[in-house]
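The values are calculated or read from the model by the stated rules, or taken from the named source; none is laboratory data. All figures in this text were calculated on a predicted structure; none of them were measured in a lab. All Cβ positions, glycine included, derive from the backbone under ideal geometry; neighbour counts span all protein chains shown. Quick note on the areas: whole protein, heavy atoms, side chains included, nothing else; ligands and nucleic acids left out. Shrake-Rupley method; radii C 1.70, N 1.55, O 1.52, S 1.80 Å.
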Amino acid sequence: MKSLSEIETTVKRATKASGYSWGVAEETAKCVRLLEAFGLPGIKDINKYFSERKENSFQNLNLILEKNQPSAKSYCPIILGVSFLDQSKSLEFLKKIELNNVAYPSIFLAFVSRASEIIGKKIHINLDKKEIILNLNLNIYSNIANNEFPSVANHLEISFLENIDNFSEEEWKNLYKLSEDTFVEETESLKQDGAGAGLTDND
Amino acid sequence: MKIELRDPNTIMKLSRLGSFHQSKLSFLRSFLNEFKDWEYKQDLFNLDENGYGEAVYSFKKDKRVYSLVCFANHIKDEERSDRVIATKWDAAFTLHDGVPGKKDIERLKNEVPKQEVGRLSYKELTLSRANKSVRLFNHVTENLSQGLQPDLNLLSKVGYLYRTTAVYGSGKFGLADRFRIKNREEINGPFRLEMMLVYLVRQFTFDQVNHVAFNKNPKKAIKLDEQICKNLGIGNSTGLGMAPFIVNHPTLLNNWILSREIALKKIREIQNVNKKDSELFVDCVKKSLTNITSWNTDSEYQKKKINNLLKDVQKFLKFIENDFDFTREYPFNSIYELLEKQTCEECIEYVVSIMMEPYSEITEPLVKEMSSDEEKYFNIPAHRTVEDLRNIIEKKYPNILKINFEKKENNQNFWFISKNKEEPRLADRFEEHGSELEQPLAIARDIKKLYEILLVSKNSQTVSDFLIKNSNLRHVIRRVFIVEKFPYSEIQDNTIGKNIMPIDMLRLKLSFFGALKFDPRSDKWLRICMFQGAPLPHELKNYDEQWVYKNNI
């Protein structure tokens, strides 16, 4: 079994060797490490992407807008990912971001996962009608069977989830009421002596 | 009195970092302190009459066990090399997490002796190999087998029976990643398991030499005297492999240096020093002279440094014994100020280390701060502005901004990774090929480049926008935001200049390990000794904390 440290070092070097800057290589290495730690196809997909990159060119998207459509080629997941990471604090104000034709979206997902931690919000992605939740970089949930991510995402919709409870007020109240059963009803004497402070605090 | 922390622009210069010495903060000393109440055991000792075979040693406490698995092999003299190109060694070791079963030992027997080309598992924590000091090993076995103790003069010239040529950890070659074990309290300090490996290897060398001597002449053989064992350490040969580490781990480097600086600051702030503490300090300085006078090297560079150190320490000792009054207020501050004015960098840092000796209450809490959660500081705050970035650079890198990288001598060298050994190397940019594959270790040059572009960029531009056109500088932009929070995270010097002494980088790291007697074999590699004078495993429960200064050979 390869250690995550070996994975990170090798991906960093391979990314640099594929023509990216050292700084971008460092980011990519962290992302592939993350995918592997989550049991997602990091090494597999970055390998395929670098092989494909030798034959085909990809488009770099540096400035992400609400709707993004590449001219003809697919978006490079690394440059797209780095841009998303760098712009995440401004992108979170957009209601929804749409991206078409993204190569190896699994790689891009890792960058979005890190962005989720930076902005402190969960992120929802609809990838060609499959659902993915990026949970503050703690884990990635998806309903993609066997984690077989496509080599190209035709359409990606990204939305930032507000930090709200995912249960009803009623459910909370019920649970809270149950928790009160661990409290002791205070008698007059307990009210007098149970707490550390005096009865008046005007001194 | 409030003392400021020392200026990183002085302390983080390579010549100063290359003058650091071991101290109470050093990892091998904090390892001994942490594991002193663990149960030590030799679990297996299956060597043949020539000392070849397997052995297992362990440290145990409650349900936690760490086991050193040793494999000693026969190699021909011509196969023995300390260089990284070697493929065979006298002995190979791994530290196993738990008690190794028979299957584990069989698996490890196949992999550990192969070192870099073998594969370890998440159950192994560190990996190492070592070569005999053949001259010394043979002399010791010969004498012991004749019922005689070895010649102390010869021992003092070498100081160890074996020297390691690499110690690996943290996920290398399949070893366990740091994250798997980082929450264990007993290893809450850098390189603790590497230190454990080296310490147990030292014991193996004594057991092996006794075993071989006994088998040579069972009737006459005696054991190596315990006092002699104590005064032997483990050697280490270290090359450039270690140098990039301190550049690649800026927050960790900061935490090491910051701990040392906080300790010094707190000691200088002590208003009244009690007699016991001042006497301990003076005693350590006095006894440490043996370490300097028995420091052997053929390196002219190091000889000159040792001579200056000896001269300055003797002068300093004379002064504190005859003319200095420890009952004055803030005595250690006065001492420090005097050192800065009158002694060389090597002596300043030497005495700073010894100042810590009486003050475990200052150093022990700092030991716990010497690790780093590096991931936390990895992300670039890209929403910040070009103006922020430029201000940080001006404040944190003033000396680096003065370097003219247009001059050939300031841009003379480049760092690269060798294809055959995957190890870092340094070469002349104008003489050798390969500079197009330069590693990102020319931080000073790249910071200066970044600064020059920032000077002509719009102040209000966000870093995110700036990065779109300047992706090639992303690695140093990350560092600028790190140094903003971690003042000692950056070497404030040129790592590619003509006059760079790479051994300064090695020495910095080795001093934090706790190494003694740096012996440069060139400007790119050196030999050191670890654990010389340290208590033996069975003495750990009650040992003299100042053992470093009480070495007798």
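With away from every other protein chain (no Cβ under 14 Å), open to solvent by 80 Å² or more (accessible area, probe 1.4 Å) and touching a strand residue (DSSP E or B) at 6+ places or on another chain (Cβ under 9 Å) as the only criterion, which of A:Lys54, A:Lys44, A:Lys67, A:Lys48 stands out? On inspection, the qualifying residue turns out to be A:Lys67. Within the stretch B:447-474, if we keep just the residues that are polar (S, T, N, Q) and closer than 24 Å to B:Val247 by Cα, the residue that is surrounded by the fewest Cβ atoms within 10 Å (Cβ to Cβ) turns out to be B:Asn472.
Filtered by the rule that a residue be open to solvent by 20 Å² or more (accessible area, probe 1.4 Å), among the acidic types (Asp, Glu) and either within 12 Å of another protein chain (Cβ to nearest Cβ) or closer than 30 Å to B:Thr251 by Cα (or both), the stretch B:139-185 gives a lone residue, B:Glu185. Screening B:Asn494 on (1) open to solvent by 10 Å² or more (accessible area, probe 1.4 Å); (2) farther than 20 Å from B:Lys305 by Cβ; (3) out of contact with any helix residue (DSSP H, G or I) (no Cβ under 6 Å at 6 or more places or on another chain) shows it passes everything except condition (3).
When every residue of the stretch B:254-268 is checked against the conditions, none turns out to be closer than 21 Å to B:Leu506 by Cβ, of a type in the set (Gly, Ala, Ser) and open to solvent by 10 Å² or more (accessible area, probe 1.4 Å). Of all residue pairs spaced 6 or more apart or on separate chains, those with beta-carbon atoms under 6 Å, a first member in the stretch B:104-123 that is away from chain A (no Cβ under 12 Å) and a second member that is open to solvent by less than 40 Å² (accessible area, probe 1.4 Å) and part of a loop (DSSP other than H, G, I, E, B) are B:Glu111/B:Gly118. If we only count helices (runs of 4 or more DSSP H) wholly inside the stretch B:446-553, which ones have 1 or more residues that are away from chain A (no Cβ under 14 Å)? The helices (runs of 4 or more DSSP H) meeting that bar are B:474-485, B:502-513. Screening the stretch B:20-135 for strands (runs of 3 or more DSSP E) wholly inside it with 1 or more residues that are surrounded by 22 or more Cβ atoms within 10 Å (Cβ to Cβ) and in the same structural domain as B:Leu193 (by TED's automatic domain parsing) returns the ranges B:53-61, B:64-72, B:91-97, B:124-132. For the stretch A:168-199, enumerate the residues that are surrounded by 10 or more Cβ atoms within 10 Å (Cβ to Cβ) and of a type in the set (Phe, Trp, Tyr). Listed by number, the list holds a single entry, A:Trp172.
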